[in-house]
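Below is one structure, written out as structure tokens, with a few remarks after it.
Derivation of every value follows stated rules applied to the coordinates shown; laboratory data play no part. Every value quoted in this text rests on a predicted model; they were computed, and no experiment measured them. Quick reminder, even Gly has a Cβ in these numbers, built from the backbone with ideal geometry, and neighbours come from all protein chains shown.
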């Protein structure tokens, strides 16, 4: 299962906003908000985009 907390920790360490992440990964800010609220889980391609952006593996985001 995707860990939003791990995403938020990386975002904060990098000093960027959800908007900046969205702009650089193509993952809409509304999608990030839905993950935070637990409305649905991200698809593999979106996790891969985040992993590439933050320089981590896909597995990093899994709990």
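Given the conditions (1) outside any helix (DSSP H, G or I); (2) in contact (Cβ under 8 Å) with a residue 12 or more places away in the chain, which single one is not true for residue 50?
Checking residue 50 against (1) outside any helix (DSSP H, G or I); (2) in contact (Cβ under 8 Å) with a residue 12 or more places away in the chain, the one that fails is (1).
Within segment 4-37, work out how many residues are touching a residue at least 12 places away in the same chain (Cβ under 8 Å) and not in a helix (DSSP H, G or I).
Number of matching residues: 2.
Looking at (1) buried (at least 17 other Cβ atoms within 10 Å of the Cβ); (2) in contact (Cβ under 8 Å) with a residue 12 or more places away in the chain, can you tell me which one residue 62 breaks?
Among (1) buried (at least 17 other Cβ atoms within 10 Å of the Cβ); (2) in contact (Cβ under 8 Å) with a residue 12 or more places away in the chain, residue 62 violates only (1).
Identify the residue in segment 25-42 that is in contact with a helix residue (DSSP H, G or I) (Cβ under 7 Å, 6 or more places away or on another chain) and surrounded by fewer than 14 Cβ atoms within 10 Å (Cβ to Cβ) and, among all such residues, is nearest to residue 8 (Cα to Cα).
If we take residues in segment 25-42 being in contact with a helix residue (DSSP H, G or I) (Cβ under 7 Å, 6 or more places away or on another chain) and surrounded by fewer than 14 Cβ atoms within 10 Å (Cβ to Cβ), then 36 is nearest to residue 8 (Cα to Cα).
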